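A quick write-up on the structure given underneath.
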Amino acid sequence: MNRRCSFLDPFTLVSNSDAHSLQKLGREATLFDTEISFQGIYNALKTRDGFAGTIEFFPQEGKYYFDGHRKCDICWNPVTTIDNNSICPKCGKPVTKGVMYRVTELADRTIEQGIKLSEDFYSITSLIDIISEITNKSPNSKTVQTEYLRLIESLGAELEILLNINLSDIKTVGGKELSEGIKRLRAGYVSIKEGFDGEFGEIKIKTKT
Ligand SMILES: [Zn+2]
């Protein structure tokens, strides 16, 4: 999204987790391929030599990504909002605008141009949510939590499982559905339902889009 705005080009964009709950610490990260020292990180951020990109959740999962009214069941992308003069057809009031609308206002590049310039980032969803989708049980259920801990203990850290660990090893430990799901996630073949007006978006890995 940010790379659609050329005035941000001089800045190296980093990604860090919010710290509002323990299990969500470390879910977003900045990647370095340099000496891990103050000077090493400083130089990488300044010159981008040694800066390897960022890991982050899909922005569409955010509660205010698209525009609309939750109670009126109206969810619009910015173009549709503009076409409708920002007025909800159900209640006649202005819709709640999301971050994509603001990006569109500020952008001087198309979506495609922005994507081309955003090579160094990796979109992920959480392993808990993937297990929850496969098992069809709540993320907080004992089944999902137990399986999550088993996978982490057997295979390694969550980000390693999502991004790097060999798919055949994931299949051996976690089963075919999980390895297929992570394969699709890595390739970006996920089904996305954008968040709007306070409602979280949804990322599903089973349905190829
Ligand atoms: Zn409305």
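The values are calculated or read from the model by the stated rules, or taken from the named source; none is laboratory data. It should be emphasised that the depicted structure is a prediction, and the values quoted were computed from it without experimental measurement. Cβ placement follows ideal geometry from the backbone for every residue including glycine, while neighbour counts extend to all protein chains displayed.
Here are the numbers:
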{"quantity": "Total residues in region 113-148, condition over 21 Å from Gln23 (Cβ atoms) and outside any helix (DSSP H, G or I)", "calculated": "5"}
{"quantity": "The listed residue being at pLDDT 90 or above, within 16 Å of the ligand (Cβ to nearest atom) and out of contact with any helix residue (DSSP H, G or I) (no Cβ under 6 Å at 6 or more places or on another chain), out of Lys142, Lys97", "calculated": "Lys97"}
{"quantity": "Region 25-43 - residue that is free of Cβ contacts under 8 Å to residues at least 24 places away in the same chain and not in a loop (DSSP other than H, G, I, E, B) and, of those, farthest from the chain's Cα centre (by Cα)", "calculated": "Gln39"}
{"quantity": "Region 41-80: number of residues that are more than 16 Å from the ligand (Cβ to nearest atom) and either hydrophobic (A, V, I, L, M, F, W, C) or surrounded by 14 or more Cβ atoms within 10 Å (Cβ to Cβ) (or both)", "calculated": "22"}
{"quantity": "Residues within region 25-40 that are of a type in the set (Lys, Arg) and loosely packed, with under 14 Cβ neighbours inside 10 Å, tallied", "calculated": "0"}
{"quantity": "Within region 10-24, considering residues that are in a loop (DSSP other than H, G, I, E, B) and modelled with pLDDT under 90, the one surrounded by the fewest Cβ atoms within 10 Å (Cβ to Cβ)", "calculated": "His20"}
{"quantity": "Pairs where the first residue, in region 75-102, is at negative phi and outside any helix (DSSP H, G or I) and the second is charged (D, E, K, R) and within 15 Å of the ligand (Cβ to nearest atom), C-beta under 6 Å, 6+ apart", "calculated": "Trp76/Asp67; Val95/Asp67; Thr96/Asp197; Lys97/Asp67; Gly98/Asp67"}
{"quantity": "Residue list for region 158-209, filter: of a type in the set (Gly, Ala, Ser) and under 18 Å from Asn136 (Cα atoms)", "calculated": "Gly174, Gly175, Ser179, Gly181, Ser191, Gly201"}
